[in-house]
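Remarks on the structure that follows.
Derivation of every value follows stated rules applied to the coordinates shown; laboratory data play no part. A quick note: this is a predicted structure, and the numbers were derived from the prediction, not measured. Please note: Cβ atoms are built from the backbone with ideal geometry, for glycine as well, and neighbour counts cover all protein chains shown.
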Amino acid sequence: MGKTIAEKIFERHLRDEPFAGTFVLDLDCVLCHEITTPVAIADLEWRGKDRVFDKTKIKAVIDHVTPSKDSKTALQAKMLRDWARRHDLQDFFDVGRNGVCHALFPEKGYIRPGYTVIMGDSHTCTHGAFGAFAAGVGTTDLEVGILKGVCAFRKPATIRVNLNGSLPAGVYAKDVILFVIGQLGVNGATDRVIEFGGPIVDAMSMEARMTLCNMAIEAGGTCGICMPDAVTLDYLWPFIAADYADRAAALADFTRWHSDADAVYDRVLDFDLSALEPQVTYGYKPDCVKPVAELAGTPVDQVYVGTCTNGRIEDLRVAAALLKGRRIADSVRAIVSPATPKIFSDALSEGLIQIFMDAGFCVTNPTCGACLGMSNGVLAEGEVCASTSNRNFNGRMGKGGMVHLMSPATAAATAITGRITDARSL
Amino acid sequence: MEKIFKGPALFLDRSDINTDEIIPAKYLTEVTKEALQPYMLEDLKLEGFDPKSPAVRHARVVVTRENFGCGSSREHAPWVFEVNGVHTIIAQSYARIFRQNMFNGGMLAIELPKDQIDRLFALALRTEVEIAVDVEAQCLTANGADGTSETFSFDLSAFDKALVQAGGWVEFADARY
């Protein structure tokens, strides 16, 4: 019987099976940010166990509220910073070098095919784009990960999602994942890995695959995952070249993680997306999804382009291409937050930042900020935001606010008109 | 803190209650569990629900529907229940991370089939309800103030039970790895 990629990763990393069906895995990466890590640090100190299992496998960043906005967030940043220094973590990213964790860590080449990755952040599923098993966990799992380098999981049943056909012009990875979540429902993949494949995934960049895997959690999925291939190799090559004789050897090595042809899946879903339209959410759950055409004309107060879902350079290029030579509507305010310093810098040298500013956007530093209503664009009661982020929960971007999730193209078009707009109609 | 698996039950008749509703992100700037105490369920979207009501303040058990605790991985959600004395959740199903966080903290996230959840909600329509859980026997009893009661058994994996008995995942892992 064949195995899925997730089963192969589990097999390779199994440390212990304390009870039937409970798999304790060795971890390759334990990722940390300043919101969920300080309580783990404090607990380890209180227990007299302020240690790390392997300082090279722990990476940390201040990203949710940065630069700190008040004394409380300054304390969180300080706790993470002091801890990183005291344990000599080489991969710690402070103000100025920091970016949104799920954009920054892949960009640094930390995530490799076949890796096991945890973080105290639900969107850790993003890293499955590299053929890794990457799962969001709570602070207690993170704490044990920091101390012991292990994490416990149940058996990873996998839902295979085949994305067939080819995407029409003006339709993006974000539209695909919103559509898939609409089909699966918000708990359609609970305790499951979502394995994405098919010609549409094959044709996607790593940035697009990260957008796809990023929202697996919105269907309840433990991890989104893509097979590592030549696209993955191109992205990672600067970081792994020394490990292989040549590219062909690396590519051959990647294939050992590929799901077998006779792997057993919990479900297999086939979607032909050749006629997919841009998608947008309504209501307060990410599976409330409709074609943009059905919500077109809905007025918004704020437009937000950024986050771990859609704050990467490709996303900024798509939005800027629509904004070039245009201005946002007087009735809206618009914010763009490049997800990392490198993305910001690239956007600057490509002239994208100037386009955003000329269009009337506020350009902010890399941060999670407004996505979860912590800083940099919180909504007032009754306000509506068109956002490239991943959650439209009640109160998510500010108490009493409403969020419509969409692609960067739809967000840019919406900024121009002040109402939800299909970018293809401009 | 010793965990107590019994007491007055609070009934939340909705599915897909997410962790942003249980504890809004603006309170995630706290670095102690205790500081979260005043904010439990502050943004819950449920008609007639008042997070400051006596029923919420006195609750020791929460009964709810499907996919409870979806969304953010924040362990602040189990913590805000913990520091309010709610150490038992009973639901038809959970989001993975929330469920694991409950057991990792030595608390109970009990799953019951839909018809049994329906019967608990029906009981709550008639009368105030207190629920007592026997972890060892894997059963729970819901006692109505009107004298009626319902008893259900539930499944608990060997791992989940070991976590509750150990007092949480840190204790379990530290002893074993």
Exercise. Based on the Cβ-Cβ distance from B:E136 to B:A175, what FRET efficiency comes out when R0 is 25 Å, to the nearest 0.05?
Worked result: 0.75
For this session: Do me a favour and compute the ellipsoid semi-axes for the range A:5-269 from its Cα gyration tensor, root of five times each eigenvalue, largest one first, whole Å.
Result: 30, 20, 19
Problem set entry | Residues of the range A:1-20 with amide N under 19 Å of a point placed 7 Å along Cα→Cβ from A:D202 | A:5
Exercise. Over chain A, what is the relative contact order in whole percent, taking alpha-carbon pairs under 8 Å and six or more residues apart?
Worked result: 17
Exercise. How big is the antiparallel share of DSSP beta bridges in the range A:280-425, given as a percent to the nearest 5?
Worked result: 15
Exercise. For the range A:106-258, what number results from the quotient of the Cα radius of gyration and 2.2 N^0.38 Å?
Worked result: 1.04
Problem set entry | Distance between modelled label sites at A:A275 and B:E2, nm, 7 Å Cα→Cβ extension | 6.6
Exercise. Sorted by mean Cβ packing within 10 Å, highest first, what order do the peptides B:45-55, A:352-362 take?
Worked result: A:352-362, B:45-55
Exercise. Can you tell me the Rg and Dmax of the range A:290-372, counting just the alpha carbons, in angstroms?
Worked result: 12.8, 37
Problem set entry | Square roots of 5 times each gyration tensor eigenvalue, C-alpha, the range B:6-176, largest first, Å | 23, 21, 14
Exercise. How high is the relative contact order of the range A:116-200, in percent, with contacts defined as C-alpha pairs under 8 Å that are six or more residues apart?
Worked result: 27
Exercise. In what sequence do A:Y115, A:Y284 fall when counting other Cβ within 10 Å, fewest first?
Worked result: A:Y284, A:Y115
Exercise. How far apart, in nm, are the 7 Å Cα→Cβ label points at A:D358 and A:S71?
Worked result: 4.6
Exercise. Please state the Cα pair-distance histogram of the range A:280-425 with 10 angstrom bins from zero: what percent is in each bin?
Worked result: 14, 48, 33, 5
Problem set entry | Given charges at Cβ of Lys, Arg, Asp, Glu: the range A:77-132 dipole, positive-most of A:M79, A:H102, A:G131 | A:M79
Exercise. Nearest 20 debye, what's the magnitude of the dipole of chain A about its Cα centre given +1 on Lys and Arg Cβ and -1 on Asp and Glu Cβ?
Worked result: 700
For this session: Pop the C-beta distance of B:S53 and A:R317 into the FRET formula with R0 = 51 Å and round what comes out to the nearest 0.05.
Result: 0.50
Problem set entry | DSSP beta bridge pairing in the protein assembly as shown, given as percent antiparallel to the nearest 5 | 30
Exercise. What percent antiparallel are the DSSP beta bridges of the range B:6-176, to the nearest 5?
Worked result: 50
Problem set entry | the range A:375-426: trypsin sites (Lys or Arg not before Pro) in DSSP loop, at most 10 other beta carbons within 10 Å | none
Exercise. What are the radius of gyration and Dmax of the protein assembly as shown, computed over its Cα atoms and given in Å?
Worked result: 23.2, 77
Exercise. Dipole of the range A:134-181, Cα-centred, from +1 at each Lys and Arg C-beta and -1 at each Asp and Glu C-beta, to the nearest 20 debye?
Worked result: 200
Exercise. Say the cut-off is 28 Å between C-alpha atoms; which of A:K285/B:K26; A:K148/B:K6; A:K148/B:K33 go over it?
Worked result: A:K148/B:K6
Exercise. Taking +1 at the Cβ of each Lys and Arg and -1 at the Cβ of each Asp and Glu, which of B:V86, B:L140, B:S73 sits farthest along the dipole of the range B:6-176 towards its positive end, judged by Cα position relative to the Cα centre?
Worked result: B:S73
Problem set entry | Label-to-label distance, nm, for residues given as B:R119 and A:E45 (7 Å Cα→Cβ offset) | 5.0
Exercise. What is the fewest-to-most order of A:F196, A:F179 by other Cβ atoms lying within 10 Å of their Cβ?
Worked result: A:F179, A:F196
Exercise. Tell me, what is the FRET efficiency for B:D13 and A:Y265 to the nearest 0.05, using R0 = 30 angstrom and their Cβ-Cβ distance as r?
Worked result: 0.30
Exercise. Dividing the Cα radius of gyration by the Kirkwood radius, what Rg/Rh value follows for the range A:341-423?
Worked result: 0.98
Exercise. Quick one: which of A:K290/B:K114; A:K399/B:K114; A:K108/A:K342 span more than 21 angstrom between C-alpha atoms?
Worked result: A:K290/B:K114; A:K399/B:K114
Exercise. Just counting partner chain Cβ atoms within 10 Å, what average do the residues of peptide B:39-45 show around their Cβ?
Worked result: 2
Exercise. So what is the calculated 222 nm ellipticity per residue for the protein assembly as shown, using -39500 (n - 2.57) for each DSSP H run with n of 4 or more, over all residues, to the nearest 500 deg cm²/dmol?
Worked result: -9000 deg cm²/dmol
